[in-house]
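One structure below.
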Amino acid sequence: MRLQNLCLRILIAILTASLHLYAESTQPPYSCDSSDPSTKLYPFCQTKLPISQRVEDLVSRLTLDEKISQLVDTAPGIPRLGIPAYEWWSEALHGVALQTTVRQGIRFNGTIRFATSFPQVILTAASFDAHLWYRIGQVIGKEARGIYNAGQATGMTFWAPNINIFRDPRWGRGQETPGEDPLVAGKYAVSYVRGVQGDSFGGGTLGEQLQASACCKHFTAYDLDKWKGMNRFIFDAQVTLQDLADTYQPPFKSCIQEGKASGIMCAYNRVNGVPNCADYNLLSKKARGQWGFYGYITSDCDAVAIIHDDQGYAKSPEDAVADVLKAGMDVNCGDYLKNYTKSAVKKKKLPESEIDRALHNLFSIRMRLGLFNGNPTKQPYGNIAPDQVCSQEHQALALKAAQDGIVLLKNPDKLLPLSKLETKSLAVIGPNANNATKLLGNYFGPPCKTVTPLQGLQNYIKNTRYHPGCSRVACSSASINQAVKIAKGADQVILVMGLDQTQEKEEQDRVDLVLPGKQRELITAVAKAAKKPVVLVLFCGGPVDVSFAKYDQNIGSIIWAGYPGEAGGTALAQIIFGDHNPGGRLPMTWYPQDFTKVPMTDMRMRSQVSSGYPGRTYRFYNGKKVFEFGYGLSYSNYSYELASVTQNKLYLGASSNQVTKNSNTIRHKLISDIGKELCEKNKFTVTVRVKNHGEMAGKHPVLLFMRQANPGNERPIKKLVGFQTVNLNAGENAGIQYELSPCEHLSNPDDRGMMVMEEGSQFLLIGDKEYPITIIF
């Protein structure tokens, strides 16, 4: 009888799970229904047990075929254990997004049909506001959980943020990143991940339970998609240990150690001959071993297949499967592991223990998401209702993000802001002026609402005439005569030009840095014909060489608006008419067209005088710039004063055998030899006073740089060591503080990738002020 009752309870559990799995309802999918007594039979459902013990129990109950079925992004349900299907692949780059593929963890086909769409990441980064980034992450995590609670999600793992360095201005996906600086990318990663996952801004309060799971990608040295016959699937990035140490790896280290990200995505490309997803030293030794990563590692989509099919690194499909699982990868976006793992086991290329290891990581994440804790409405985050998605608060934050990110690049004669009273008529010209989709960039979901630039400007000036100028952004032909005619009849002219996703996107890098087609011809003609100097607005993710406009007196102002999200048109109009004081600063260098002579495949960061190689990013690039990293104007003028530095002489002494000399006879020492205690002891605080000399209140990012007394010898020209934003009313001043660690902020890698400290002077830089710091051994 006991056996019959046991069988009956198990049958009920299976039927209940099947209902959760297959029924069309608003019930979110979950396991371990506490109202069903049969779930007590499974230790993996007992929430008082440690997750590691629960996962061990669950995995032990699976057959080999069931285990293998769980190694791909679209993991089927296991009805006999009451486990629903799970989709690992969801996107949330700058808002919960909708996949364009049949594989999707999120659906907008029920009660919730929209989600807040923030600016594309490159524009958000221009705010240099880590707390804003955190709040955006919070909103994305909350809306993701709200969509799940409404029964419109089969996954809560989101493959964002993209924290690759924007190394080359032609990269089509640079728009997805926080820019070219490793410190900024790392801070963005930490802020976004903490927000999405449910941690506090300062970290350390997360615990086991995740609001949603964030995944830092693409690990590592991935920043080429498709350029002049080379593509990301076969590219073998040749990267020095020095460049890995201070450029490519730091954002991922921060994401893992400080952000506590629960996911990592390994990239398509090879680095120094080894595919990222098959690199044990990268995934297991570095990420898990040295950095303490606790989470799952996914491949990029079909990144396992290309290891054999495209790169020829693995001799057979089974070898590719064995390589990635032994390296430490856990789940395959694609079908390769589903198709070839069993044969790899049978051919003794792969022990089943490696599958169990991967499953332990995968089911641990699902348990941390609360998906094995019974009814989610009774769990943490279960009270996030549909009305919290696209709430007024969230939409206001999308507007603020656009306002704070937009960068004023030119305004010498204070053409901006335009007068709302004196401007009687307006001409708005350009292919980016009246298309809502162009505001969103890529990886976007259906926005709560959108306001185009044209609509935003019409809210200020009813007498507004519009002409696209070009039928498309490519602008193979331009309606110059019609645009000129409209411009001549208006008090003010605003040109809304730039790029869109036909020019830069995933799998499409640019070959030029100039505006496409006849855009320049159109801009110049309209500017010449207009009654007054015109305003040029640029929508683009990557930088554009607009030197012609920078020096054209008929173009009075230039604004970079990135891809500003659902509220971008409103934010832009508010800035143009002075209801918001712009404060964004460029998170990447704007290079001249001449930079396109540099092969995109050259991964070197540091310049080489002997060969004429100019280097990359503001830290190493020694060529001409259109606009430099950190550049941005305001309607106010700000001044800086280095008010105090708690230590200006840092004694990092040690035994003489730990101090060596480099090729330039400069004494230096390994950070590992200095030790944590001495590094902590020599931390110092820098206080900067900032004053707003303008007539408008403003939010202002304050960037603190450091440079060596003697740059060169592969040292950076300068590097960012801290940034903060300050809100100041007209005439107001305030002090802000930066805490610096010499071992972190004043060190550089040697050619072995080891961080070293050099004896001598370095200088703090803030605006045009310098302050010396002396390092003594």
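The values are calculated or read from the model by the stated rules, or taken from the named source; none is laboratory data. Please read these numbers as outputs of a predicted model, since none were measured by experiment. Positions of Cβ are generated from backbone atoms using ideal geometry, with glycine treated the same way; all protein chains shown enter the neighbour counts. To get the accessible areas, we keep the full protein, side chains included, count just its heavy atoms, and leave off ligands, DNA and RNA. Shrake-Rupley method; radii C 1.70, N 1.55, O 1.52, S 1.80 Å.
Below are the figures for this structure:
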item	result
Pair list, Cβ under 8 Å, 6 or more apart: the range 602-628 residue within 27 Å of Asn269 (Cβ to Cβ), other residue of a type outside the set (S, T, N, Q) and modelled with pLDDT under 95	Arg606/Glu714
Selection from the range 601-619 of residues that are outside any loop (DSSP other than H, G, I, E, B) and within 22 Å of the chain's Cα centre (by Cα)	Thr617, Tyr618, Arg619
The range 55-67: number of residues that are open to solvent by less than 10 Å² (accessible area, probe 1.4 Å) and part of a loop (DSSP other than H, G, I, E, B)	0
Contacts under 9 angstrom Cβ, first residue in the range 38-49 being open to solvent by 60 Å² or more (accessible area, probe 1.4 Å), partner modelled with pLDDT of 95 or more and assigned to a helix (DSSP H, G or I), 6 or more apart	Gln46/Gln53; Gln46/Arg54; Gln46/Asp57; Thr47/Arg54; Thr47/Met367
Residue match in the range 437-447 (condition: under 19 Å from His580 (Cβ atoms), modelled with pLDDT of 95 or more and surrounded by 20 or more Cβ atoms within 10 Å (Cβ to Cβ))	yes
Given (1) basic (Lys, Arg); (2) more than 21 Å from Gly263 (Cβ to Cβ); (3) surrounded by 20 or more Cβ atoms within 10 Å (Cβ to Cβ), index of the condition Arg80 fails	(3)
The range 676-689, residues that are more than 15 Å from Gly722 (Cα to Cα) and not in a helix (DSSP H, G or I)	Asn682
Subset tally (residues that are closer than 20 Å to Gln249 by Cα and either open to solvent by less than 20 Å² (accessible area, probe 1.4 Å) or part of a loop (DSSP other than H, G, I, E, B) (or both)) for the range 726-747	5
Residue list for the range 401-439, filter: part of a loop (DSSP other than H, G, I, E, B) and either hydroxyl-bearing (Ser, Thr, Tyr) or under 19 Å from Gln519 (Cα atoms) (or both)	Ser419, Thr423, Ser425, Gly430, Pro431, Asn432, Ala433, Asn434, Asn435
Candidate set from the range 308-334 (those that are among the small types (Gly, Ala, Ser) and surrounded by fewer than 24 Cβ atoms within 10 Å (Cβ to Cβ)); member that is nearest to Ala237 (Cα to Cα)	Gly312
Residue count, the range 603-632 (criterion: open to solvent by 30 Å² or more (accessible area, probe 1.4 Å) and not aliphatic (A, V, I, L, M))	11
Conditions (1) open to solvent by less than 20 Å² (accessible area, probe 1.4 Å); (2) closer than 15 Å to Leu764 by Cα; number of the one not met by Phe723	(1)
Members of the range 189-244 that are over 20 Å from Arg288 (Cα atoms), outside any loop (DSSP other than H, G, I, E, B) and among the aliphatic types (A, V, I, L, M)	Val196, Met230, Ala237
Thr665 being assigned to a strand (DSSP E or B) and either at pLDDT below 95 or farther than 26 Å from Ala185 by Cβ (or both)	no
Per-region count, the range 392-414, residues open to solvent by 30 Å² or more (accessible area, probe 1.4 Å) and in contact with a Gly (Cβ under 7 Å, 6 or more places away or on another chain)	1
Failed condition for Glu714, given (1) surrounded by fewer than 16 Cβ atoms within 10 Å (Cβ to Cβ); (2) assigned to a loop (DSSP other than H, G, I, E, B); (3) in contact with a helix residue (DSSP H, G or I) (Cβ under 9 Å, 6 or more places away or on another chain)	(1)
Test: residue in the range 249-262 that is in a strand (DSSP E or B), more than 15 Å from the chain's Cα centre (by Cα) and among the acidic types (Asp, Glu)	no
Among (1) of a type in the set (A, V, I, L, M); (2) within 17 Å of Thr423 (Cβ to Cβ); (3) surrounded by fewer than 24 Cβ atoms within 10 Å (Cβ to Cβ), the one test that Ala474 misses	(2)
Lone qualifier among Ser52, Ser38 - being polar (S, T, N, Q), at pLDDT below 95 and either more than 30 Å from Ala567 (Cβ to Cβ) or part of a helix (DSSP H, G or I) (or both)	Ser38
Matching residues, the range 524-565, being open to solvent by less than 10 Å² (accessible area, probe 1.4 Å) and part of a loop (DSSP other than H, G, I, E, B)	Cys540, Gly541, Gly542, Pro543, Val544, Val546, Ala561, Gly562, Tyr563, Pro564, Gly565
Residue count, the range 743-772 (criterion: under 13 Å from Leu652 (Cα atoms) and in contact with a Leu (Cβ under 9 Å, 6 or more places away or on another chain))	6
Pro119, sole failed condition from (1) part of a loop (DSSP other than H, G, I, E, B); (2) more than 13 Å from Leu93 (Cβ to Cβ)	(2)
Those residues of the range 375-407 which are in contact with a Ser or Thr (Cβ under 8 Å, 6 or more places away or on another chain), modelled with pLDDT of 95 or more and over 19 Å from Val96 (Cα atoms), in sequence order	Asp404, Gly405
Residue satisfying all of: in the range 268-304; surrounded by 24 or more Cβ atoms within 10 Å (Cβ to Cβ) and part of a loop (DSSP other than H, G, I, E, B); nearest to the chain's Cα centre (by Cα) among these	Asp300
Count of residues meeting criterion [of a type outside the set (S, T, N, Q), open to solvent by less than 40 Å² (accessible area, probe 1.4 Å) and more than 21 Å from Lys625 (Cβ to Cβ)] in the range 477-520	14
Pair list, Cβ < 8 Å and 6+ apart or interchain, from the range 191-207 residues that are more than 17 Å from Pro251 (Cα to Cα) to residues that are open to solvent by 30 Å² or more (accessible area, probe 1.4 Å) and aromatic (Phe, Trp, Tyr)	Gly198/Tyr381
Tally of residues being part of a loop (DSSP other than H, G, I, E, B) and farther than 23 Å from Met605 by Cβ across the range 748-777	4
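Each row is one residue, and each column tells you yes or no for (1) out of contact with any strand residue (DSSP E or B) (no Cβ under 8 Å at 6 or more places or on another chain); (2) open to solvent by 10 Å² or more (accessible area, probe 1.4 Å); (3) modelled with pLDDT under 95; (4) within 21 Å of Ala130 (Cβ to Cβ).
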position: Ile163; (1), (2), (3), (4): no, no, no, yes
position: Phe166; (1), (2), (3), (4): yes, no, no, yes
position: Gly172; (1), (2), (3), (4): no, no, no, no
position: Glu176; (1), (2), (3), (4): no, no, no, yes
position: Ala185; (1), (2), (3), (4): yes, no, no, yes
position: Arg194; (1), (2), (3), (4): yes, yes, no, yes
position: Gly198; (1), (2), (3), (4): yes, yes, no, yes
position: Ala221; (1), (2), (3), (4): no, no, no, no
position: Leu224; (1), (2), (3), (4): no, no, no, no
